[in-house]
Structures are given as C-alpha cells and as structure tokens.
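These notes concern the structure reproduced below.
The values are calculated or read from the model by the stated rules, or taken from the named source; none is laboratory data. Note that the structure is a prediction, hence the values are computed from the model and not measured. Positions of Cβ are backbone-derived with ideal geometry, glycine not excepted, and every protein chain shown enters the neighbour counts. The area values use the complete protein model at the heavy-atom level, side chains included, leaving out ligands, DNA and RNA. Shrake-Rupley method; radii C 1.70, N 1.55, O 1.52, S 1.80 Å.
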Amino acid sequence: MFFQKDYNAPPEEESPPAGGARLFFWLLGGEAAGLLKLNLVFLLACLPVVTIPPAYHALHRLARRMVQGRGARCWPQFRETVRKEWKTAWAAFLLTALPLAGAGYGMQFYLQFAGRNPVFYLPFTLCATIFLSALLASSYLWGLLADGRRLDRETVLLAVKLGLGKPLRAALAAAGWYLSLTAAALWFPLSGIYLLLMGFSVPCLLWQFLIRTVLERFGSAENIDR
C-alpha cells in the first residue's frame, strides 16, 4: 500500500541512448516519417536541375535539425532555405565541386603516365592531396552551413582545419554518402524504391550525425544566424 502505483500519472518519456550506433538508430526510428517526407521533397526540388545545390543545402539543414532534436517541418523550412540561401548553396557547391573535379581529373591524367615515368607520381600526389583535403573539408563545410553559418573566409578556413584535424568522422560521413549513392546507382533500377523513400535523407542524416560532436565542440561561433 505504501508503494501503490499512480496509474493516472503521465507516462515518462523515453530518454535517448548515450551515443553511438544505438543513438543513431533511435534517432532514425523517431524521425522515420520526417525522413520519408524530406527525401520526397528533396527529389521534387531537384527536378529543375538548377535547384540541386539549394536543395542539397536544405537537405543538410533539415537533417542537422533532426540530429539536434529541434524538429523539422519539411516543406516550409525546406522551401525557405532554398528561397533565401540559394546563392550560398551555389557558392558552396562550386567551392567544393570544382576542386574535387579538377583534382580527380588530374589524378587520372597523371596516373596513366606514371607507369612509364615515375616523375608523374609527383603531380599525381599533389592532385590526390588536394582531392582528399577538399573532400574532408566539404564534409564539415556543409555541416557548418547547415548550422547557420555564413559562407565566408572564416567558415571555409574552419572547415579546412576540421577536415585536416578531425579527418576520421569527415571520411566516414563522405563514405556513407558517396558509397551508398554509388551502390544505388550500380543496382538501379532495383534500388529505385530505396532512392525514392530514403536514398538521400538517411545518408545525409548519418553524415550530420557523424560530425555532430565535432561541430558542437569546434563549430560554434558568434556569427551564427539561425
């Protein structure tokens, strides 16, 4: 009688796991409906082609909000990000895509001559270094922009520093995104349902989840504009 249970008390909310894979799958289950909507909105926004960079930026912005537990209203917030920050998205896209494309082409070009002349391994190594540095920095750059930072010199330098100083999480985030899309492309059209339902939103959520602790520790700034 002294320990009588109060059945009228509101149920206690389930606390999230401390971290690691359990936290990610807990987050994935809680945001399943939102991720489905986000994936469909992203695909629709990419149909005009020229809106791909703004849509990509908005995808990261909403995934970041999900990871932070702030909630995401897919259509209103997605549309607002695309409408207000399309210039930032295009600038970030060019800033990351051009070095990756140029360095990737240089790697392929010099590698075909390196077998006959070892001197060509020098420019190949240079191109490989630029490619990896740009890839790692881009992982953090999109996260910093998703967190509300302006695309300025300070943000770009911070992304480069984080990419070189904390490369593991950046590499895992990039691998989760690019490898999943590569596998889906190789298995297409069998992977069509996967791409339609979660092929972009879930890898993006994993991306933001992997870099979240680094951004929380090193990515805070006074000029964040939420």
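Summary table below
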quantity: GNM top mover of Thr182, Thr51, Thr96 - the chain, alpha-carbon springs below 10 Å; calculated: Thr182
quantity: Mean projected area in nm² (Cα convex hull; one quarter of hull surface) for segment 93-135; calculated: 2.5 nm²
quantity: Of all accessible heavy-atom area on the chain, the percent that carbon and sulfur account for (1.4 Å); calculated: 66 percent
quantity: Computed over the chain, the ratio Rg/Rh where both radii use C-alpha atoms and Rh is Kirkwood; calculated: 1.07
quantity: Rh by Kirkwood over Cα pairs, then Stokes-Einstein D for segment 102-226 at 1.002 mPa s and 20 °C, µm²/s; calculated: 132 µm²/s
quantity: Once the Cα gyration tensor of segment 20-154 is diagonalised, semi-axes √(5λ) in Å; calculated: 35, 18, 14
quantity: Degrees separating the helix 121-146 axis from the principal Cα axis of the chain, which is the longest one; calculated: 30 degrees
quantity: Accessible area per residue, Å², the chain with all protein chains present, probe 1.4 Å; calculated: 61 Å²
quantity: Whole-Hz ³J(HN,Hα) from phi, Karplus 6.51 cos²θ - 1.76 cosθ + 1.60, for segment 86-98, glycine and proline x; calculated: 5, 5, 4, 5, 5, 5, 5, 5, 5, 5, 9, 6, 5
quantity: In Hz, Karplus ³J(HN,Hα) per residue of segment 180-193 (6.51, -1.76, 1.60; θ = phi - 60°; x = Gly, Pro); calculated: 5, 5, 5, 4, 5, 5, 5, 9, 5, x, 4, 8, x, 5
quantity: Per-pair calculated FRET efficiency, R0 = 45 Å: Thr125 and Tyr194 via Cβ, rounded to 0.05; calculated: 0.75
quantity: In sequence order, calculated HN-Hα J values of segment 58-74 (Karplus, 6.51, -1.76, 1.60; Hz; x Gly/Pro); calculated: 5, 4, 5, 4, 6, 5, 5, 5, 5, 5, 6, x, 8, x, 9, 8, 3
